[in-house]
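The values are calculated or read from the model by the stated rules, or taken from the named source; none is laboratory data. From a predicted model like this one, the values you see are computed outputs, not experimental measurements. As a convention, Cβ positions derive from the backbone with ideal geometry for all residues, glycine included, and neighbour counts pool all protein chains shown. The area values use the complete protein model at the heavy-atom level, side chains included, leaving out ligands, DNA and RNA. Shrake-Rupley method; radii C 1.70, N 1.55, O 1.52, S 1.80 Å.
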Amino acid sequence: MNVKVIQKRENITTPVFLLGTAVNISDHEFFRQLDKADKEYITLFVKKSKGEGEFSYSVFLPSGNQVLLVGIKTKRILTFRNSVIAMRRVIALAKKEKVKEITVNFSDFVPAPPAGRQEKKSDEEALAELMASQFELANFEFTKYKTPPKEGWNVVQQALIYADLTQTDAEKIKESLRRGKIIGEEINKARMLSNTPGGDMTPARLAEAAAKAGKTCGFQVRILKEDQIRKLGMGGVLGVSKGSAERPRFIVMEYMKGKKSDKPIVLVGKGVTFDTGGLNLKPDQSIYEMHMDMSGGAAVIHTIAALARLKVKKNIVGLIPAVENMPSGSSYHPGDVLRTMNGKTIEVLNTDAEGRVILADALEYSKKYKPRLVIDIATLTGSAMSALGQRASAIFTTDVKLEKALRETGEKTGDYVWPLPLWEEFEEEIKGTFGDFANIGKTRYGGAITGAVFLWQFIKSDMRHAKRDKGNKEIPWVHIDIAPRMTAVEGEFLAKGAAGASIGLLAKFLREF
Ligand code: BES
Ligand code: ZN
Ligand code: ZN
């Protein structure tokens, strides 16, 4: 989609009126553009519609011109949260009505500043970036496997953003829109990968996608095959991959545009290209969407791609253990004990808790880089969904500053996260009987937490206090369980299927970190 800022009202195509309950249509920026008959007609139409609460209408006025009317439930846009939904609603309406070009009024979407606080220019730039990214997200449809209709897909081709700005401010907004569009595009590419059925998305294909992104966006990609994975001693990755005809890959991405002396930030993504559960086979309802179990991996590829296209001057590494979890004569068994790259063993009590087993090796590998921060992203547990619902990903970290910063970035990007506890008490739950750690907890409660605590064992140092006393600090680490946000839900105005969680969040967070 082409997104442009315009400063002259003359260029308006299909105006969008975003109306809060406290906004009179006659006060709207675009109202004065209309002729008398159109003004009367639209005034009556809105009067009738407001009685209905929230509304979305396409209206042909007496002049023959078309306008879009979007009514929201609050007095006006109050928060970034409201704005996110309003932006997507506008695009959803345009798509439904087959409108190819729209014009929105930027100030309709600017949240009211909290009492006692002045609006800041930087807020406007952040909003413009959000607008361009949300427009892209809402415009996305996964059509790869469908025959295109004769008239083409219903997508918006151009969004003009009218804003009354000085030339310098317009330039800044233009730049923010450019950045937002890049982020939206990269999120959509990740959604494409996640939506691709398991038959077509294998570990090798995921690795090819990473290589392609590296080539086009400018970062290094190395793909380790089975023999190299074995040489590294990654018994977790090898164990989970045993049952599948599709052989594993370990994907290493390096974007090193920071200072040589800067320690990198490492992103680790779960790349299970299909999760059947293995011999602990999933029931039919649960197995259905498990081609998206590589969404963490896709997020890592396209977060780095976005940062590279934005020319961020940082050192960022991406690691993806990619496997398929299948039951067969060669599968790993419940009871198997796997030796991971760091020498610790995992007693597999359930082959469906496979994500943590492959991530254990990847977290150990991340230490090679002496990272200043490690973030792993994984569709790890159904429990995270039970705990939070489907509107936020779960985050786990012992670093309260990181937790707060990520939560705030979530609010600004519409890519929400919410914390769950990471407490040592839970370590009792994952002690193994015949191995060092069991891959599931002893009870059926708090599964998202036991998953996180399991991963923690592979990033924190062994004799924590002894090492810390020698000046060897713990690696700051965050685990993001994106299972709750794997797929879009009703009412958020995104296409069915993958939601592309955590890319918007991380692209913004890492730029500022
Ligand atoms: N990939 C699943 C988690 C998942 C479930 C993601 C639903 C998205 C939607 C993961 O590998 C899994 O199967 N986890 C189990 C762990 C259990 C066996 C301890 C779960 O959450 O049920
Ligand atoms: Zn599983
Ligand atoms: Zn899984």
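Does the range 274-283 contain at least one residue that is of a type in the set (Val, Ile, Thr), buried (at least 24 other Cβ atoms within 10 Å of the Cβ) and more than 16 Å from ligand 2 (Cβ to nearest atom)? Lay out the reasoning, then the answer.
Pass one, the range 274-283, residues of a type in the set (Val, Ile, Thr): 276.
Then keep just the ones that are buried (at least 24 other Cβ atoms within 10 Å of the Cβ); that gives 276.
Checking which are more than 16 Å from ligand 2 (Cβ to nearest atom) leaves us with none.
No - not one qualifying residue is present in the range 274-283.
Going through GLY218, GLY258, GLY269 one at a time, which residue ends up being assigned by TED's automatic domain parsing to the domain that holds ASP361, within 16 Å of ligand 3 (Cβ to nearest atom) and either more than 19 Å from LEU319 (Cβ to Cβ) or within 27 Å of the chain's Cα centre (by Cα) (or both)? Outline the logic, then answer.
Working: GLY218 fails: within 16 Å of ligand 3 (Cβ to nearest atom); GLY258 fails: within 16 Å of ligand 3 (Cβ to nearest atom).
So the residue among GLY218, GLY258, GLY269 that is assigned by TED's automatic domain parsing to the domain that holds ASP361, within 16 Å of ligand 3 (Cβ to nearest atom) and either more than 19 Å from LEU319 (Cβ to Cβ) or within 27 Å of the chain's Cα centre (by Cα) (or both) is GLY269.
Which fully enclosed helices (runs of 4 or more DSSP H) of the range 306-420 have 3 or more residues being within 16 Å of ligand 2 (Cβ to nearest atom) and touching a residue at least 40 places away in the same chain (Cβ under 8 Å)? Walk me through how you get there before you give the answer.
Details: elements: 355-366, 382-388, 400-413.
Those helices (runs of 4 or more DSSP H) span 355-366, 382-388.
Identify the residue in the range 108-150 that is exposed (fewer than 15 other Cβ atoms within 10 Å of the Cβ) and of a type in the set (Gly, Ala, Ser) and, among all such residues, is nearest to ALA495 (Cα to Cα).
Result: SER122.
I need every pair where a residue in the range 272-294 that is farther than 24 Å from ASP361 by Cβ has its Cβ under 9 Å from the Cβ of a residue that is near ligand 3 (Cβ under 10 Å from one of its atoms) and assigned to a strand (DSSP E or B), sequence separation at least 6 or different chains.
Note: pairs meeting the criteria are ILE287/PHE274; ILE287/ASP275.
Name every residue in the range 106-129 that is touching a residue at least 12 places away in the same chain (Cβ under 8 Å) and small (Gly, Ala, Ser), in order of residue number. Full working, then the answer.
The first filter runs over the range 106-129 and keeps only residues touching a residue at least 12 places away in the same chain (Cβ under 8 Å), leaving 106-112, 121, 123-129.
Answer for the range 106-129, where residues must be touching a residue at least 12 places away in the same chain (Cβ under 8 Å) and small (Gly, Ala, Ser): SER107, ALA112, ALA126, ALA128.
Okay, residues lined up against (1) away from ligand 1 (no atom under 16 Å from the Cβ); (2) basic (Lys, Arg); (3) closer than 22 Å to VAL357 by Cα:
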| position | (1), (2), (3) |
| --- | --- |
| MET201 | no, no, yes |
| LYS215 | yes, yes, no |
| GLY235 | yes, no, yes |
| LEU238 | yes, no, yes |
| GLY243 | no, no, yes |
| MET253 | yes, no, yes |
| LYS263 | yes, yes, no |
| GLY278 | no, no, yes |
| PRO283 | no, no, yes |
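If I filter the range 46-100 down to residues being open to solvent by 70 Å² or more (accessible area, probe 1.4 Å) and among the acidic types (Asp, Glu), which single residue comes out as nearest to ASN2 (Cα to Cα)?
Of the residues in the range 46-100, the ones open to solvent by 70 Å² or more (accessible area, probe 1.4 Å) are 47-48, 51-52, 54, 60, 62, 65, 73, 75-76, 78, 81, 96, 98.
Now drop any that are not among the acidic types (Asp, Glu), which leaves 52, 54.
Details: GLU52: 33, GLU54: 28 Å.
Among those residues, the one meeting the criterion is GLU54.
Exactly one condition in (1) closer than 16 Å to ALA128 by Cα; (2) at pLDDT 95 or above; (3) in a loop (DSSP other than H, G, I, E, B) is not met by ILE91; state its number.
If we test ILE91 against (1) closer than 16 Å to ALA128 by Cα; (2) at pLDDT 95 or above; (3) in a loop (DSSP other than H, G, I, E, B), just (3) comes out false.
The rows are residues; the columns are (1) open to solvent by less than 60 Å² (accessible area, probe 1.4 Å); (2) touching a helix residue (DSSP H, G or I) at 6+ places or on another chain (Cβ under 8 Å); (3) closer than 28 Å to PRO334 by Cβ.
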position: LEU193; (1), (2), (3): yes, yes, no
position: CYS217; (1), (2), (3): yes, yes, no
position: ASP227; (1), (2), (3): no, no, yes
position: LYS231; (1), (2), (3): no, no, yes
position: MET234; (1), (2), (3): yes, yes, yes
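Can you give me the number of residues within the range 322-360 that are surrounded by fewer than 19 Cβ atoms within 10 Å (Cβ to Cβ) and small (Gly, Ala, Ser)?
Count: 5.
Could you list all residues from the range 247-295 that are of a type outside the set (A, V, I, L, M, F, W, C) and outside any loop (DSSP other than H, G, I, E, B)?
ARG249, GLU254, TYR255, GLY269, GLY271, THR273, ASP275, ASP284, GLN285, SER286, HIS291, SER295
Name the one entry in GLU492, GLU474 that is modelled with pLDDT under 95, surrounded by fewer than 20 Cβ atoms within 10 Å (Cβ to Cβ) and assigned by TED's automatic domain parsing to the domain that holds GLU403. Give the steps one after another, and end with the answer.
Values: GLU492 fails: modelled with pLDDT under 95.
The match here is GLU474.
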